[in-house]
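The values are calculated or read from the model by the stated rules, or taken from the named source; none is laboratory data. Every value quoted in this text rests on a predicted model; they were computed, and no experiment measured them. With ideal geometry, Cβ positions are generated from the backbone for all residues, glycine too; neighbour counts draw on all protein chains shown.
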Amino acid sequence: MTEVSVETVSVQNPRTTWEGCSVLLDINDGDRLVFARLSASSTVKIGNKKCSLQPLIGCPFGSLFQVESGSKGPYLCRVTAPAEGDLPEKGDCLFKDESKDNRSLVDDNTAQSLSGEDIEAMRSQGATGDQIVEALIANSSTFEKKTLFSQEKYRIKKQKKYAPRVLVRRPFARSICEAYFKKHPAKIGCLRVDTLSLLLSMANVCAYSDVLVVDMIGGILTGAVAERLGGAGYVCNTYFGGVPYPMDITRMFNFNNEISIRIVQTSLSELSSAQYKNSDQGTENGGKEVTNLWRENGFSSLIMAAPELDTWSAVQELLPLLSYSAPFAIYHQYLQPLATCMHNLQVGKLAIGLQISEPWLREYQVLPSRTHPSMQMNAFGGYILSGTRIFSGEILHQTS
Amino acid sequence: MLPIDPSKKITFQRWISEGDLVIVYEKHDHMKAIKVCCGSVLQNRFGVFEHTDWIGKPFGSKVLSNKGGFVYLLAPTPELWTLVLSHRTQILYIADISFVISFLEIVPGCLVLESGTGSGSLTTSLARAVAPSGHVYTFDFHEQRAASAREDFEKTGLSNLITVGVRDIQGEGFPENFCGLVDSVFLDLPQPWLAIPSAGKLLKQDGVLCSFSPCIEQVQRSCESLRTNFTDIRTFEVLLRSYEIHEGKMECSADDESGSLGSSPCKKRQCSSGRRNGKEKWDARTVMARPCSEAKGHTGYLTFARLKCL
């Protein structure tokens with residue numbers, strides 16, 4: 001165990017940003033999430049300040065920046081010690097303060113003696129955000145009367161306002177899905193990150209697999225599958241009718257060419273047409289050979305997120321394209337289409353191991369003596385119908 | 001189990017052959033993993049099944065016993081393996097597993113550390129995620145358990161992707177030769193806070209750690225320990241609710257007039273209509289769904305954190 005070589009090959013998703021790369025900016029510890037592309041001229045607006053993203057180019061993902069005001073206006077400055085380290089050690093003193101409470105706190109707007117003008121003046125004299133926060137605390141007549149817990153809350157609140165922080169995140173299926181779910185859930189069919197994770201597992205997505213995908217939720221599904229393939233195997237993004245479904249979200253992933261060419265958009269009619277048909281149309285990535293291979297071998301699994309299609313009729317067309325024993329996972333926001341589809345698959349003896357599941361996800365606040373579930377939670381992450389295609393005995397080849 | 005070897009990949013041209021691992025499916029909650037071996041038999045409540053009969057059939061086939069009973073033969077996947085593996089410890093199931101893989105941001109090529117190995121349920125999914133060029137190093141302090149896990153990974157064809165080590169990670173930490181090379185770490189230990197400093201030394205900057213603990217007190221202590229070197233500390237609980245479906249036959253009745261107006265019979269799937277006392281009567285067939293009564297109420301808390309960037 002001691003003398004093993006532990007070098008692995010990870011060409012995917014480098015850990016340092018570069019000019020032109022896509023990043024996810026986490027502003028003030030998850031309060032706001034912004035997608036951005038790094039260039040010398042790109043900016044981000046934080047509060048009422050516009051900051052250049054230039055300083056972010058070439059920094060490791062996970063770097064933390066703070067908004068500071070300089071002579072040429074606000075700018076992003078790399079900081080190393082996040083909030084937790086700055087706070088005074090609590091521990092034993094937690095319970096000494098139990099006698100403090102809020103009975104003498106009156107909300108009459110007189111507690112803070114620094115005015116807005118004072119703060120502006122400090123700023124123009126070059127005070128940092130942290131210095132302003134300290135000044136606010138020093139000039140608050142009620143700060144000392146607060147419990148340690150509410151002192152901490154006060155500090156965090158002021159820090160967010162006067163010294164906002166930006167964390168540079170690596171865009172991954174997980175972070176992209178979380179960001180969309182928070183900002184524009186409708187654009188990804190309200191697909192929650194735990195549900196997306198389940199779809200990928202249930203469909204056994206792995207390098208060298210050929211995954212058939214019906215992605216009518218902006219490309220998040222296609223991107224997530226391509227990420228797991230890592231440049232081996234294919235994700236076939238198929239569409240009903242003549243127009244491919246948009247998959248703009250795949251551009252957020254920073255896929256290199258090796259991974260991008262593994263995403264192939266192909267119409268369903270082309271996939272299901274007779275085996276040796278000469279089609280001049282070809283697919284978007286010129287993958288006619290690969291289309292033939294899929295017809296010959298069948299897909300290794302299917303994931304479908306198609307709120308606008310009738311689930312059962314779509315499944316009837318898609319299932320024959322899967323190799324036998326291939327798993328499938330179908331996402332829907334509503335239960336009924338999946339229930340009907342499951343029933344028909346059972347009656348038609350087309351699949352086994354059928355299950356409808358609904359994931360439930362709860363986040364917790366974990367703090368000394370203050371651990372509890374988050375006050376707000378998302379109550380619904382959608383439904384998944386999963387199962388395995390079986391060999392029905394009669395069909396030997398996909399020729400009909 | 002994984003399609004990395006093209007000759008083993010499940011396709012329309014792939015038939016069950018000698019030495020294949022198959023999942024024998026009786027019911028969704030009754031499955032068994034079996035290595036196909038000419039001359040062997042499988043005996044269960046449906047009768048005696050000859051392995052020889054299975055050879056040359058596609059995966060996903062229905063096969064018959066001497067008494068006419070049947071089972072299905074499925075190609076193994078990490079999800080099926082989780083349902084059939086022998087439990088040497090409490091194991092992780094699909095909801096936690098899939099969430100862990102996503103949040104640890106594991107992609108092909110990643111280097112992942114795990115402790116303990118336990119029964120290897122999560123390890124199998126970790127291996128799928130890092131394949132073909134990455135590697136999973138998993139550690140358990142229990143010698144026999146590690147040996148059984150090794151045998152299992154041999155059986156499932158994952159031994160090239162997984163190295164099982166016998167080591168007390170809480171006591172000794174992870175081996176130092178991984179220093180700064182590790183993409184993700186997973187801890188399922190009774191006192192994870194003892195292993196967190198070591199994990200922090202080995203992870204790449206911004207690398208992700210996950211600790212799975214059934215008790216909130218463990219989470220509390222882990223989070224306190226994480227706060228020194230890690231950031232973005234988040235704790236979740238994830239559960240699955242399953243639904244059962246039922247095709248109900250429901251008697252409907254309506255007056256002549258209202259029948260033509262309101263609930264239109266054409267909506268119903270199959271209607272066997274009849275007339276009685278001037279009222280129309282029919283049986284409507286509808287597929288209905290409801291949550292299953294029994295469910296897991298708790299598995300464990302998942303705490304994730306990223307190593308601070310310096």
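Please enumerate the residues belonging to the stretch A:316-353 that are closer than 22 Å to A:GLY189 by Cβ, free of Cβ contacts under 8 Å to residues at least 40 places away in the same chain and either crowded, with 24+ Cβ neighbours inside 10 Å or facing another protein chain (nearest Cβ under 8 Å) (or both). Correct list: A:GLN336, A:ALA339, A:THR340. Is it the case that B:GLU172 is more than 8 Å from every other protein chain (Cβ to nearest Cβ), surrounded by fewer than 19 Cβ atoms within 10 Å (Cβ to Cβ) and acidic (Asp, Glu)? Here the answer is yes, as B:GLU172 does meet what is asked.
Checking A:LYS158, A:LYS187, A:LYS146, A:LYS183 one by one, the residue that is at pLDDT below 95, away from chain B (no Cβ under 14 Å) and under 22 Å from the mean Cα position of the chain (by Cα) is A:LYS183 and no other. I'm checking my understanding of the structure. Among residues of the stretch B:29-47 that are over 12 Å from B:GLY19 (Cα atoms) and charged (D, E, K, R), which one is surrounded by the fewest Cβ atoms within 10 Å (Cβ to Cβ)? That would be B:ASP29.
Just one of (1) at the interface with chain A (Cβ under 8 Å from one of its Cβ atoms); (2) surrounded by fewer than 15 Cβ atoms within 10 Å (Cβ to Cβ) fails for B:ARG167. It is (2).
Applying the selection to the stretch A:33-60, what residues are closer than 19 Å to A:GLY73 by Cβ and of a type in the set (Gly, Ala, Ser)? Matches in the stretch A:33-60: A:ALA36, A:SER39, A:ALA40, A:SER41, A:SER42, A:GLY47, A:SER52. Of the numbered criteria (1) modelled with pLDDT of 95 or more; (2) surrounded by fewer than 19 Cβ atoms within 10 Å (Cβ to Cβ); (3) outside any helix (DSSP H, G or I), the one A:ARG370 fails is (1). Filtered by the rule that a residue be hydroxyl-bearing (Ser, Thr, Tyr) and under 17 Å from B:GLY116 (Cα atoms), the stretch B:130-158 gives B:TYR137, B:THR138, B:SER148. When residues in the stretch A:291-315 are screened for being within 13 Å of chain B (Cβ to nearest Cβ) and in a helix (DSSP H, G or I), 8 of them pass.
Flag: B:PRO58 does not match the condition of being under 20 Å from A:GLY353 (Cα atoms), surrounded by 14 or more Cβ atoms within 10 Å (Cβ to Cβ) and in contact (Cβ under 8 Å) with a residue 60 or more places away in the chain. Hey, does the stretch B:113-124 have a residue that's in contact with a helix residue (DSSP H, G or I) (Cβ under 6 Å, 6 or more places away or on another chain), at the interface with chain A (Cβ under 7 Å from one of its Cβ atoms) and either among the aliphatic types (A, V, I, L, M) or farther than 23 Å from B:TRP193 by Cβ (or both)? The answer is no; no qualifying residue exists. B:GLU224 falls short of the stated requirement of being touching a strand residue (DSSP E or B) at 6+ places or on another chain (Cβ under 9 Å) and among the charged types (D, E, K, R).
Checking each residue in the stretch B:205-219 for being surrounded by fewer than 20 Cβ atoms within 10 Å (Cβ to Cβ) and either in contact with a Pro (Cβ under 9 Å, 6 or more places away or on another chain) or more than 9 Å from chain A (Cβ to nearest Cβ) (or both) picks out B:GLN205, B:PRO214, B:CYS215, B:GLU217. The criterion of being hydrophobic (A, V, I, L, M, F, W, C), facing chain B (nearest Cβ under 9 Å) and touching an Asp or Glu at 6+ places or on another chain (Cβ under 8 Å) holds for A:LEU361.
Only one entry in B:THR82, B:THR11 is closer than 25 Å to B:GLU154 by Cα, within 14 Å of another protein chain (Cβ to nearest Cβ) and without any contact (Cβ under 8 Å) to a residue 12 or more places away in the chain, namely B:THR11. Looking only at residues in the stretch A:233-274 that are touching a strand residue (DSSP E or B) at 6+ places or on another chain (Cβ under 7 Å) and among the β-branched types (Val, Ile, Thr), the one that is nearest to A:TYR208 (Cα to Cα) is A:VAL235.
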